[in-house]
Amino acid sequence: MEKTSGKWLSLSILALCQVSAMALWFSASAVLPSLIEEYSLSSFQQALFTSTVQIGFVVGSLSSAILGLADRLPPKLLFLGSALVAATANAALLVIEPTDPAVPVFRFITGVCMAGIYPIGMRMAATWAKGDMGLLVGILVGALTLGSASPHLFNAIGGIDWRFTIVAASGFAVLSGFGILLFQMGPNYTKAPRFHPEQILFAWKIKSVRLANLGYLGHMWELYAMWAWIGLFLTASFSQTMAPTEANETAKLATFATMAIGAIGCLGAGYLADRMGRTTLTIASMLISGTCALTVGFLFGASPWLLTTLCLIWGLTIISDSAQFSASVAELAKPEIVGTMLTLQTSIGFTLTLITIHLMPYGVDLLGWKYAFAPLAIGPFLGVWAMLKLRQHPDAIKLAGGKK
């Protein structure tokens, strides 16, 4: 009983620290409506606020894996150092103009540091896993989701001054860094699996792993583009039926709710996937989220309540499957290459997000908000195909203790 209570206390601390630290990821993106109005940012400049973080994360995660930082440094200290540096880089946005060429550099640094927070937190949670890996990874992805959504809440609380959001995100990140020192490592704590560049081709050669990765890529094609641009979409839509000030404030809260509800989806999906099967869960999630991507534009300018309801369904399902792709690869790959496979999956997935994040503003200009999100549905629908194929593969018996 004492060990169980210690497990959930430590995981609660870890989740709170992840929520606080991950606010940095979308801190600048959350204030884009205000920055666009004040500084007339171009479509390319708008996309850079999110895409440079993605690039930094890819560079950081690959560098950390190749250099073996998770073994060379105690995980808690790596988390602490990453959180403090990221908070500093984020706070630097307060002393320069949003149009300054240095802004993407600071966002890139923030992304690099996220590689010392999110993957490290996943590894720390795994030290407590015992037949509930799907749930534990789901908790951490849920924390990432809630943390990514929190800047939109800060933005709503702070009113029209976008600087409040930047200050709040940096402050919470500092608190998370020191708070992580209270976390206790679980009984499964061992050295992280080594990264083996020469084994990268196994991600393609092993068919079951390849299918799991294709499912993950379909999921990522949709996820970060939606998170990055849903706030602007809701602001523009609400402005059709509300006064500008009311539309802006309502959109901030609706955007927070749309992203934050995904945390509930992650927890529920993690629990269900361990019992119903990973392919079952991921297929259902992607079918619903892909359908939302296709239809959400048709409610542009419609009742804010109706649109927000659809966005909540979208937000719930667009992230609920995320943890299960990582869990699937961990179960399908040989133990000696799990580290390489997970690093590669994450790196390719976040690299892919650069395409849709940058294409979205051009899609809005070309197609209008009615159809701008529709191309995102390509990803989850291809992901459904990949997971259906995986479900039929003999290796699927390895998933979730035999539950496909």
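A few notes on this one:
For (1) polar (S, T, N, Q); (2) touching a residue at least 12 places away in the same chain (Cβ under 8 Å); (3) more than 18 Å from ALA169 (Cα to Cα); (4) assigned to a helix (DSSP H, G or I), each residue gets a yes or a no:
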position	(1), (2), (3), (4)
LEU78	no, yes, yes, yes
SER82	yes, yes, no, yes
ALA87	no, yes, no, yes
ALA92	no, yes, no, yes
PHE108	no, yes, no, yes
CYS113	no, yes, no, yes
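- All of GLY111, GLY121, GLY138 fail the test of being among the small types (Gly, Ala, Ser), closer than 12 Å to ALA28 by Cβ and crowded, with 24+ Cβ neighbours inside 10 Å, apart from GLY111.
- Selection status of LEU48, part of a helix (DSSP H, G or I), assigned by TED's automatic domain parsing to the domain that holds SER170 and more than 30 Å from GLU249 (Cβ to Cβ): no
- The range 145-174: number of residues that are of a type in the set (A, V, I, L, M, F, W, C), under 17 Å from ALA91 (Cα atoms), in contact (Cβ under 8 Å) with a residue 60 or more places away in the chain and in a helix (DSSP H, G or I): 8
Residue by residue, here is whether (1) surrounded by fewer than 23 Cβ atoms within 10 Å (Cβ to Cβ); (2) of a type outside the set (Val, Ile, Thr); (3) in contact with a His (Cβ under 6 Å, 6 or more places away or on another chain) holds:
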residue	(1), (2), (3)
ILE313	yes, no, no
SER328	no, yes, no
MET360	no, yes, no
ALA374	yes, yes, no
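- For the range 255-273, residues that are in contact (Cβ under 8 Å) with a residue 40 or more places away in the chain and surrounded by fewer than 24 Cβ atoms within 10 Å (Cβ to Cβ) total 8.
- Residues of the range 189-216 satisfying the condition of being of a type outside the set (Val, Ile, Thr) and within 18 Å of ARG72 (Cα to Cα): TYR189, LYS191, ALA192, PRO193, ARG194, PHE195, HIS196
- Among residues of the range 371-394 that are modelled with pLDDT of 95 or more, those with a Cβ under 7 angstrom from a residue that is of a type in the set (Phe, Trp, Tyr) and buried (at least 18 other Cβ atoms within 10 Å of the Cβ), sequence gap 6+ or separate chain, pair up as LEU376/TRP221; ILE378/TRP221; GLY379/TRP221.
- When TYR189, TYR216 are checked against the criterion of being assigned by TED's automatic domain parsing to the domain that holds SER285 and either assigned to a loop (DSSP other than H, G, I, E, B) or in contact (Cβ under 8 Å) with a residue 40 or more places away in the chain (or both), a single residue qualifies: TYR216.
- Residues of the range 63-76 that are surrounded by 18 or more Cβ atoms within 10 Å (Cβ to Cβ) and in contact (Cβ under 8 Å) with a residue 60 or more places away in the chain: ALA65, ALA70, PRO75, LYS76.
- Yes/no for THR279 being over 18 Å from LEU146 (Cα atoms), in contact (Cβ under 8 Å) with a residue 60 or more places away in the chain, touching a Lys or Arg at 6+ places or on another chain (Cβ under 8 Å) and among the hydroxyl-bearing types (Ser, Thr, Tyr): yes
The values are calculated or read from the model by the stated rules, or taken from the named source; none is laboratory data. Model, not experiment: these values are computed from the prediction. When we count neighbours, we look across all protein chains shown, and the Cβ atoms used for this are built from the backbone with ideal geometry, even at glycine.
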